(Lines give C-alpha, C1' and ligand atoms only; values in the text may rest on other atoms or scores of the structure.)
Protein backbone atom coordinates (compact mmCIF):
# COMPACT_ATOMS: atom_id res chain seq x y z
CA UNK A 1 0.00 0.00 0.00
CA UNK A 2 1.52 3.29 -1.13
CA UNK A 3 0.80 6.89 -0.26
CA UNK A 4 2.10 9.97 -2.14
CA UNK A 5 2.18 13.46 -0.68
CA UNK A 6 3.86 16.85 -1.07
CA UNK A 7 5.24 19.02 1.73
CA UNK A 8 6.15 22.66 1.41
CA UNK A 9 9.36 23.85 3.05
CA UNK A 10 7.47 25.11 6.12
CA UNK A 11 5.53 21.85 6.41
CA UNK A 12 8.77 19.89 6.12
CA UNK A 13 10.21 21.86 9.03
CA UNK A 14 7.28 20.76 11.20
CA UNK A 15 7.79 17.13 10.18
CA UNK A 16 11.47 17.29 11.12
CA UNK A 17 10.60 18.94 14.44
CA UNK A 18 8.11 16.20 15.33
CA UNK A 19 10.65 13.49 14.50
CA UNK A 20 13.46 14.97 16.60
CA UNK A 21 11.04 15.60 19.48
CA UNK A 22 10.13 11.89 19.42
CA UNK A 23 13.70 10.60 19.86
CA UNK A 24 14.20 8.70 23.15
CA UNK A 25 17.41 10.58 23.94
CA UNK A 26 15.63 13.89 23.41
CA UNK A 27 12.72 12.88 25.63
CA UNK A 28 15.16 11.77 28.34
CA UNK A 29 17.17 15.00 28.12
CA UNK A 30 13.93 16.97 28.30
CA UNK A 31 12.98 15.35 31.60
CA UNK A 32 16.37 14.74 33.22
CA UNK A 33 19.02 16.80 31.43
CA UNK A 34 19.60 19.74 29.13
CA UNK A 35 18.59 20.51 25.56
CA UNK A 36 20.22 23.46 23.82
CA UNK A 37 18.27 24.85 20.87
CA UNK A 38 20.12 27.20 18.52
CA UNK A 39 17.71 29.59 16.82
CA UNK A 40 16.49 29.06 13.28
CA UNK A 41 13.06 28.42 11.82
CA UNK A 42 13.28 24.60 11.89
CA UNK A 43 14.66 24.58 15.43
CA UNK A 44 11.99 27.12 16.40
CA UNK A 45 9.38 24.59 15.26
CA UNK A 46 11.11 22.02 17.49
CA UNK A 47 11.07 24.46 20.40
CA UNK A 48 7.31 24.81 19.94
CA UNK A 49 7.00 21.01 20.03
CA UNK A 50 9.08 20.69 23.21
CA UNK A 51 8.02 23.69 25.30
CA UNK A 52 5.49 25.73 23.33
CA UNK A 53 7.86 28.66 22.73
CA UNK A 54 9.00 29.84 19.29
CA UNK A 55 12.49 31.32 18.94
CA UNK A 56 13.72 34.71 17.81
CA UNK A 57 14.90 34.54 14.21
CA UNK A 58 18.09 36.42 13.43
CA UNK A 59 19.64 35.84 10.01
CA UNK A 60 17.48 34.48 7.20
CA UNK A 61 17.44 34.06 3.42
CA UNK A 62 14.63 35.90 1.61
CA UNK A 63 14.18 37.01 -2.02
CA UNK A 64 16.39 39.97 -1.08
CA UNK A 65 19.26 37.70 -0.06
CA UNK A 66 21.01 36.93 3.22
CA UNK A 67 19.46 39.47 5.56
CA UNK A 68 18.84 39.89 9.28
CA UNK A 69 16.00 40.98 11.52
CA UNK A 70 14.92 44.59 11.29
CA UNK A 71 13.83 44.75 14.94
CA UNK A 72 15.81 47.42 16.81
CA UNK A 73 15.17 45.73 20.15
CA UNK A 74 14.47 42.06 19.38
CA UNK A 75 12.48 40.16 21.98
CA UNK A 76 12.73 36.57 23.10
CA UNK A 77 15.48 33.98 22.94
CA UNK A 78 17.45 33.15 19.82
CA UNK A 79 19.14 30.25 21.62
CA UNK A 80 17.09 28.50 24.30
CA UNK A 81 18.14 26.04 27.01
CA UNK A 82 15.66 23.51 28.34
CA UNK A 83 16.95 22.39 31.73
CA UNK A 84 14.79 19.51 32.96
CA UNK A 85 12.01 20.92 30.83
CA UNK A 86 12.29 24.49 32.11
CA UNK A 87 13.15 27.13 29.51
CA UNK A 88 16.05 29.56 30.01
CA UNK A 89 17.32 32.19 27.60
CA UNK A 90 20.78 31.03 26.50
CA UNK A 91 21.92 34.06 24.50
CA UNK A 92 25.20 35.45 25.84
CA UNK A 93 25.74 32.31 27.95
CA UNK A 94 26.51 29.62 25.39
CA UNK A 95 30.12 29.01 26.44
CA UNK A 96 29.07 28.77 30.11
CA UNK A 97 26.24 26.37 29.23
CA UNK A 98 28.49 24.25 26.99
CA UNK A 99 30.85 23.66 29.91
CA UNK A 100 27.94 22.19 31.90
CA UNK A 101 26.75 19.84 29.16
CA UNK A 102 27.72 16.20 28.70
CA UNK A 103 26.73 12.85 27.15
CA UNK A 104 23.20 12.90 28.59
CA UNK A 105 22.44 16.26 27.00
CA UNK A 106 21.37 17.26 23.49
CA UNK A 107 22.00 20.19 21.17
CA UNK A 108 19.93 20.88 18.06
CA UNK A 109 21.06 23.35 15.43
CA UNK A 110 19.84 24.15 11.94
CA UNK A 111 21.91 24.41 8.78
CA UNK A 112 21.98 26.44 5.58
CA UNK A 113 23.74 23.74 3.57
CA UNK A 114 23.99 19.95 3.80
CA UNK A 115 25.61 17.39 1.53
CA UNK A 116 24.89 13.73 0.68
CA UNK A 117 27.69 12.57 2.99
CA UNK A 118 26.18 13.91 6.21
CA UNK A 119 28.03 17.21 6.28
CA UNK A 120 26.28 20.39 7.41
CA UNK A 121 27.18 24.06 7.71
CA UNK A 122 25.48 27.25 8.82
CA UNK A 123 26.02 30.72 7.45
CA UNK A 124 27.91 33.25 9.55
CA UNK A 125 27.41 36.95 8.93
CA UNK A 126 29.07 38.13 12.13
CA UNK A 127 32.80 38.28 12.81
CA UNK A 128 34.36 35.06 14.12
CA UNK A 129 31.05 33.25 13.51
CA UNK A 130 29.24 35.01 16.35
CA UNK A 131 28.51 33.28 19.66
CA UNK A 132 26.69 30.17 18.32
CA UNK A 133 29.19 29.58 15.52
CA UNK A 134 32.10 29.63 17.92
CA UNK A 135 30.54 27.36 20.59
CA UNK A 136 28.26 24.81 18.91
CA UNK A 137 30.95 23.21 16.69
CA UNK A 138 32.84 22.26 19.89
CA UNK A 139 29.98 20.50 21.68
CA UNK A 140 30.69 17.03 20.30
CA UNK A 141 34.12 17.22 21.94
CA UNK A 142 32.27 17.31 25.27
CA UNK A 143 30.25 14.21 24.37
CA UNK A 144 27.03 16.14 23.77
CA UNK A 145 24.59 14.49 21.33
CA UNK A 146 24.16 16.88 18.42
CA UNK A 147 21.44 16.94 15.78
CA UNK A 148 21.19 19.12 12.69
CA UNK A 149 17.61 19.89 11.63
CA UNK A 150 17.68 20.71 7.91
CA UNK A 151 15.19 20.31 5.08
CA UNK A 152 16.01 18.79 1.72
CA UNK A 153 15.92 22.25 0.14
CA UNK A 154 19.35 22.75 1.80
CA UNK A 155 20.93 19.80 -0.03
CA UNK A 156 24.04 20.46 -2.13
CA UNK A 157 25.07 17.84 -4.71
CA UNK A 158 28.78 18.44 -4.09
CA UNK A 159 30.94 18.04 -0.96
CA UNK A 160 30.45 20.77 1.62
CA UNK A 161 34.16 21.54 1.69
CA UNK A 162 33.92 23.10 -1.78
CA UNK A 163 31.49 25.75 -0.55
CA UNK A 164 33.18 26.21 2.83
CA UNK A 165 36.54 26.71 1.19
CA UNK A 166 35.30 29.47 -1.09
CA UNK A 167 32.74 31.36 1.01
CA UNK A 168 33.72 34.06 3.47
CA UNK A 169 32.49 37.29 5.01
CA UNK A 170 35.49 39.09 3.53
CA UNK A 171 35.53 37.11 0.29
CA UNK A 172 32.73 39.02 -1.49
CA UNK A 173 33.03 42.67 -2.53
CA UNK A 174 29.26 42.90 -3.14
CA UNK A 175 26.38 40.96 -1.62
CA UNK A 176 22.59 40.97 -1.61
CA UNK A 177 22.41 41.33 2.16
CA UNK A 178 25.33 40.54 4.43
CA UNK A 179 28.24 38.59 2.98
CA UNK A 180 28.49 35.23 4.76
CA UNK A 181 30.97 32.51 5.46
CA UNK A 182 30.12 28.90 6.25
CA UNK A 183 30.77 27.19 9.58
CA UNK A 184 30.64 23.36 9.67
CA UNK A 185 28.31 22.13 12.41
CA UNK A 186 28.51 18.69 14.05
CA UNK A 187 25.84 16.10 14.48
CA UNK A 188 23.40 13.75 12.84
CA UNK A 189 21.53 15.46 10.02
CA UNK A 190 17.74 14.97 10.09
CA UNK A 191 15.88 15.77 6.86
CA UNK A 192 12.27 15.01 5.96
CA UNK A 193 13.36 11.57 4.69
CA UNK A 194 15.06 10.82 8.00
CA UNK A 195 12.04 12.17 9.86
CA UNK A 196 9.67 9.79 8.09
CA UNK A 197 11.88 6.82 9.02
CA UNK A 198 12.18 7.96 12.64
CA UNK A 199 8.40 8.31 12.88
CA UNK A 200 7.78 4.77 11.66
CA UNK A 201 7.81 4.78 7.86
CA UNK A 202 11.21 3.36 6.79
CA UNK A 203 10.10 2.56 3.23
CA UNK A 204 9.96 6.09 1.84
CA UNK A 205 11.33 7.76 -1.24
CA UNK A 206 11.79 11.28 -2.53
CA UNK A 207 10.09 11.34 -5.94
CA UNK A 208 10.06 15.04 -6.78
CA UNK A 209 11.45 18.43 -5.82
CA UNK A 210 10.17 21.95 -6.40
CA UNK A 211 6.86 23.38 -7.48
CA UNK A 212 4.97 26.61 -8.13
CA UNK A 213 2.25 28.73 -6.49
CA UNK A 214 3.78 28.55 -3.03
CA UNK A 215 5.29 25.08 -3.43
CA UNK A 216 8.69 26.38 -4.57
CA UNK A 217 11.28 24.23 -2.79
CA UNK A 218 8.65 21.61 -1.89
CA UNK A 219 9.34 17.87 -1.76
CA UNK A 220 7.08 15.07 -2.99
CA UNK A 221 7.35 11.73 -1.20
CA UNK A 222 6.16 8.17 -1.63
CA UNK A 223 5.65 5.93 1.42
CA UNK A 224 4.93 2.20 1.30
CA UNK A 225 3.51 0.18 4.18
CA UNK A 226 1.55 -3.03 4.37
CA UNK A 227 -0.66 -1.87 7.21
CA UNK A 228 -3.77 0.20 6.60
CA UNK A 229 -3.57 1.36 10.21
CA UNK A 230 -0.05 2.71 9.68
CA UNK A 231 -1.06 4.53 6.51
CA UNK A 232 -3.99 6.07 8.37
CA UNK A 233 -1.57 7.23 11.05
CA UNK A 234 0.51 8.89 8.34
CA UNK A 235 -2.57 10.64 6.97
CA UNK A 236 -3.34 11.90 10.46
CA UNK A 237 0.17 13.32 10.75
CA UNK A 238 -0.14 15.01 7.36
CA UNK A 239 -3.44 16.61 8.32
CA UNK A 240 -1.71 18.00 11.38
CA UNK A 241 1.18 19.65 9.53
CA UNK A 242 -0.41 20.67 6.21
CA UNK A 243 -0.77 24.42 6.04
CA UNK A 244 1.98 24.99 8.61
CA UNK A 245 3.64 28.39 8.52
CA UNK A 246 7.23 29.30 9.29
CA UNK A 247 7.96 29.26 13.03
CA UNK A 248 9.51 32.22 14.83
CA UNK A 249 8.66 35.04 17.23
CA UNK A 250 6.49 37.33 15.05
CA UNK A 251 8.37 40.55 15.87
CA UNK A 252 11.61 38.97 14.66
CA UNK A 253 10.24 37.95 11.26
CA UNK A 254 10.42 41.43 9.75
CA UNK A 255 13.65 41.73 7.79
CA UNK A 256 16.06 44.65 7.73
CA UNK A 257 15.93 47.01 4.73
CA UNK A 258 19.07 49.13 5.15
CA UNK A 259 20.88 46.87 7.61
CA UNK A 260 19.40 46.40 11.04
CA UNK A 261 21.11 46.32 14.44
CA UNK A 262 23.84 44.10 12.97
CA UNK A 263 25.12 46.74 10.55
CA UNK A 264 28.48 47.32 12.33
CA UNK A 265 29.65 43.78 11.52
CA UNK A 266 27.71 43.02 8.31
CA UNK A 267 30.03 43.27 5.31
CA UNK A 268 29.39 43.78 1.61
CA UNK A 269 25.69 44.63 1.94
CA UNK A 270 24.44 46.55 -1.09
CA UNK A 271 21.34 47.72 0.79
CA UNK A 272 23.31 49.27 3.64
CA UNK A 273 25.91 50.85 1.34
CA UNK A 274 28.47 48.67 3.06
CA UNK A 275 30.16 47.47 -0.13
CA UNK A 276 33.44 48.49 -1.71
CA UNK A 277 32.26 47.59 -5.21
CA UNK A 278 30.90 50.33 -7.48
CA UNK A 279 31.26 52.96 -4.77
CA UNK A 280 31.56 55.70 -7.37
CA UNK A 281 29.06 54.32 -9.85
CA UNK A 282 25.32 54.05 -10.37
CA UNK A 283 25.58 50.41 -9.27
CA UNK A 284 26.59 51.27 -5.75
CA UNK A 285 23.50 50.74 -3.65
CA UNK A 286 20.03 51.86 -4.65
CA UNK A 287 18.77 48.31 -4.42
CA UNK A 288 16.17 46.57 -2.35
CA UNK A 289 16.04 43.35 -4.29
CA UNK A 290 12.89 44.05 -6.31
CA UNK A 291 14.37 46.82 -8.48
CA UNK A 292 12.87 49.71 -6.51
CA UNK A 293 14.86 52.35 -4.71
CA UNK A 294 14.83 52.11 -0.92
CA UNK A 295 14.27 55.43 0.82
CA UNK A 296 16.95 56.86 3.08
CA UNK A 297 14.57 57.07 6.06
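Side notes on the structure shown:
- Restricting 30, 46, 55, 23 to residues that are under 15 Å from the mean Cα position of the chain (by Cα) and farther than 23 Å from residue 178 by Cα narrows the list to 46.
- Within the stretch 118-128, one or more residues are out of contact with any helix residue (DSSP H, G or I) (no Cβ under 8 Å at 6 or more places or on another chain) and touching a residue at least 24 places away in the same chain (Cβ under 8 Å).
- Meets criteria (under 17 Å from residue 42 (Cβ atoms), crowded, with 18+ Cβ neighbours inside 10 Å and modelled with pLDDT of 95 or more) for residue 113: yes
- Any chance residue 160 is in contact (Cβ under 8 Å) with a residue 12 or more places away in the chain and within 16 Å of residue 61 (Cα to Cα): no
- Selection of the stretch 143-171 for residues being surrounded by 17 or more Cβ atoms within 10 Å (Cβ to Cβ) and over 11 Å from residue 114 (Cβ atoms) yields 144, 145, 146, 147, 167, 169.
The values are calculated or read from the model by the stated rules, or taken from the named source; none is laboratory data. Not measured: the values here are computed from a predicted model. FYI the Cβ positions are ideal-geometry reconstructions off the backbone, even for glycines, and counts take in every protein chain you see.
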